[in-house]
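Participant: Just dropping this structure here.
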């Protein structure tokens, strides 16, 4: 049986935007939850939604467990199985890990939206926001953060 909570409404009074630069070291998951929370705090966000958008095609964004680092290790392994580097890809201009990176980004996606209530993201108890780097070498990834909602003290 399903149950709908009380409905709360708010006006979109503000659109706040910033770009977060994330330096990755290699293939793996890089948590940005704190940085997104800091953006909301500096924006004085109260109620609305935060949009997170990655401006790249060989990395992605995910909401995943942030309690046990073995989860990220297993996720990297699973993604390598989905798109192995040695699968005979035609596109190899940027190296053998580039085409698999595009496939992994397509599977995960490059945008997220998270509800915000009373200035806090409504993530689950064990959820964090991550940039998933799919390339083997370091990259500087840019993430656009945008809050839509009401702000104030």
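Taken together, the values in this text are just the output of simple stated rules run on the coordinates, not laboratory data. Please read all numbers here as calculations on a predicted model, not as lab measurements. Heads up, the Cβs are rebuilt from the backbone with ideal geometry, glycines too, and the neighbour counts pull from every protein chain shown.
Participant: Percent of alpha carbon pairs in the chain separated by more than 23 Å?
Facilitator: 43 percent
Participant: Sort out for me the Cα centre separation of the stretch 108-140 from the stretch 64-92, rounded to whole Å.
Facilitator: Using only Cα atoms to place each centre, the spacing works out to 17 Å.
Participant: If you line up the long axis of helix 98-108 against the longest principal axis of the chain, both from Cα atoms, how many degrees apart are they, to the nearest 10?
Facilitator: Between the helix axis and the principal axis of the chain, the angle is about 30 degrees.
Participant: Quick one: length gained pulling residue 19 to residue 82 fully straight, 0.36 nm per residue minus the C-alpha distance?
Facilitator: Using 0.36 nm per residue and subtracting the Cα-Cα distance, I get 19.6 nm.
Participant: Compute the acute angle (0 to 90°) between the alpha-carbon long axis of helix 33-43 and the principal axis of greatest extent of the alpha-carbon atoms of the chain; round to the nearest 10°.
Facilitator: For helix 33-43, the angle is close to 40 degrees.
Participant: Would you work out the relative contact order for the chain, in percent, from Cα pairs under 8 angstrom that are 6 or more residues apart?
Facilitator: Result for the chain is 51 percent.
Participant: Along Cα→Cβ, 7 Å out, is where each label goes; now give me the distance between the ones at residue 49 and residue 106 in nm to one decimal.
Facilitator: Output for this residue pair reads 2.6 nm.
Participant: Students often get this wrong: which residues of the stretch 130-153 have the backbone nitrogen under 14 Å from the point 7 angstrom along Cα-to-C-beta of residue 42?
Facilitator: 143-147
Participant: Right, here's the next one. To test your reading of the geometry: what angle, between 0 and 90 degrees and rounded to tens, separates the Cα axis of helix 70-82 from the longest principal axis of the chain?
Facilitator: It is inclined by approximately 50 degrees.
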